[in-house]
1. Run V130 past the list (1) in contact (Cβ under 8 Å) with a residue 60 or more places away in the chain; (2) buried (at least 20 other Cβ atoms within 10 Å of the Cβ); (3) under 25 Å from P227 (Cα atoms) and report the number of the one that doesn't hold.
2. I want to confirm something. Restricting to region 114-126 and keeping residues that are over 17 Å from A283 (Cα atoms) and outside any helix (DSSP H, G or I), which single residue is nearest to the chain's Cα centre (by Cα)?
3. Within region 139-155, can one find any residue that is within 16 Å of M282 (Cα to Cα) and either modelled with pLDDT under 90 or touching a strand residue (DSSP E or B) at 6+ places or on another chain (Cβ under 8 Å) (or both)?
4. Can you find, within region 164-216, the residue that is modelled with the lowest pLDDT among those that are assigned to a helix (DSSP H, G or I) and of a type in the set (S, T, Y)?
5. Can you spot a residue in region 132-142 that is closer than 22 Å to V180 by Cβ and outside any loop (DSSP other than H, G, I, E, B)?
6. Conditions: (1) modelled with pLDDT of 60 or more; (2) of a type outside the set (F, W, Y); (3) part of a loop (DSSP other than H, G, I, E, B); (4) out of contact with any Ser or Thr (no Cβ under 8 Å at 6 or more places or on another chain). G320 meets all but one. Number of the miss?
7. Does any residue of region 147-163 turn out to be over 28 Å from G212 (Cα atoms), touching a Lys or Arg at 6+ places or on another chain (Cβ under 6 Å) and not in a loop (DSSP other than H, G, I, E, B)?
8. If we scan region 208-216, do we find a residue that is surrounded by fewer than 16 Cβ atoms within 10 Å (Cβ to Cβ), free of Cβ contacts under 8 Å to residues at least 60 places away in the same chain, farther than 22 Å from K88 by Cα and not β-branched (V, I, T)?
Amino acid sequence: MNGRGSVLCDVILLLSLVLLSAVFLTHYADVTRRNSRDFIVPEVTSDERESAGESPSTGAAVGQQTADDVLRRIPDLRSAVCRYRKYKQLPLATIVVVFKDYEFYDAKLTLTSLLRDADLAHLVTELILVDDASSREQVLEDTQNYIRSVSTSFPAVRLVRLRTRVGRVRARSFAVDEHVTNDVVVFVDAGVVCLPGWLSPLLELVGSASDGQTTIAVPHYHHVINPVTLDYVPTSSELVATMSWSLTIRMRYQTTSRDSTSSDSDASRLWRTVPVLRGEVMAVRRTFLSSVGGLYDARLESGTGVGEHVELSLRTWLCGGSIKVGAIYGEVRICCRRMNSAVLYGI
């Protein structure tokens with residue numbers, strides 16, 4: 001009797017494993033198929049739109065939309081003082097985006113949003129896409145095809161492949177040490193959606209003659225909650241990154257008045273000094289990084305990047321630098337697939 005029961009249990013276990021394997025392979029094939037194509041929003045029928053409270057004519061002209069179409073529909077929520085601000089001479093910059101394997105499809109969305117900015121052509125002389133030793137043949141092929149497709153309209157895009165995986169923070173350091181030629185470098189995480197007008201305010205902060213040489217500039221951000229439709233949750237301008245006693249990053253409300261040391265009263269309302277940087281998007285001068293010991297400490301373990309960002313923030317303070325964040329101008333959207341911010345930053 002015991003033998004029969006044991007055989008029956010083995011059969012049930014085997015069938016369960018087979019079913020689980022089938023489910024896994026089905027989902028894996030679906031993800032692979034979706035990633036191999038352009039970013040597509042599924043068609044929504046008129047009945048589904050009516051049930052959601054939308055007009056039947058909304059979006060009826062287009063059944064399927066590309067990432068560029070979705071990005072174009074995101075409203076510009078900047079205030080008038082931000083939207084129509086005239087910038088003086090801004091420094092030229094290099095943008096660095098790091099990815100590995102399937103993160104390329106998040107990086108592709110990021111680059112699509114970057115290339116939509118009309119200011120990019122005269123502010124950015126090189127856009128470096130760093131491949132952190134991807135091993136997926138499909139990703140390698142899709143990356144090459146994408147670089148070829150965008151290089152005709154924006155030749156400054158180039159790809160750097162690492163032979164050994166080193167992690168996101170060390171890949172950034174490698175790009176700064178070996179490939180970046182401009183003094184100003186802007187780091188953007190894969191999965192971040194940058195809206196038009198995001199770059200000029202950051203370059204203004206690091207380009208000022210007074211304290212721009214020792215400033216790390218970060219933009220205001222919102223959280224993307226749907227990586228397909230790019231729906232997002234607005235973030236209050238009073239919510240800034242701070243440091244806990246355990247040396248982790250915590251988002252807290254800062255209700256104190258903004259800095260007013262600048263002679264430009266409009267500019268003083270557009271940024272504030274914060275104690276720590278999150279690191280998804282930041283602009284800084286390489287000369288300042290060199291003076292404080294580099295972008296990241298090579299002796300730190302490669303992890304989520306939180307510890308490295310805290311350590312860089314501490315070195316910035318100790319060496320007389322500052323971290324400034326924009327107040328609802330030069331906005332970016334942080335994609336939920338890439339950051340998992342609610343867990344990572346304790347929001």
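The values are calculated or read from the model by the stated rules, or taken from the named source; none is laboratory data. Small disclaimer: the values here were computed from a predicted structure and weren't measured. We place every Cβ from the backbone using ideal geometry, glycine too, and count neighbours over all the protein chains shown.
1. (1)
2. R116
3. Our first condition is that a residue be within 16 Å of M282 (Cα to Cα); within region 139-155, this holds for none.
There is no residue in region 139-155 that is within 16 Å of M282 (Cα to Cα) and either modelled with pLDDT under 90 or touching a strand residue (DSSP E or B) at 6+ places or on another chain (Cβ under 8 Å) (or both).
4. Start the filter on region 164-216 by keeping residues that are assigned to a helix (DSSP H, G or I), which leaves 168-178, 199-207, 212-214.
Restricting the remaining residues to those that are of a type in the set (S, T, Y) gives 173, 200, 214.
Details: S173: 91, S200: 88, T214: 93.
Among them, the one singled out is S200.
5. First pass over region 132-142, keeping only residues closer than 22 Å to V180 by Cβ: 132-134.
With outside any loop (DSSP other than H, G, I, E, B) added as a condition, the list becomes none.
Within region 132-142, none of the residues are closer than 22 Å to V180 by Cβ and outside any loop (DSSP other than H, G, I, E, B).
6. (4)
7. Scanning region 147-163 turns up no residue that is over 28 Å from G212 (Cα atoms), touching a Lys or Arg at 6+ places or on another chain (Cβ under 6 Å) and not in a loop (DSSP other than H, G, I, E, B).
8. No; the residues of region 208-216 include none that is surrounded by fewer than 16 Cβ atoms within 10 Å (Cβ to Cβ), free of Cβ contacts under 8 Å to residues at least 60 places away in the same chain, farther than 22 Å from K88 by Cα and not β-branched (V, I, T).
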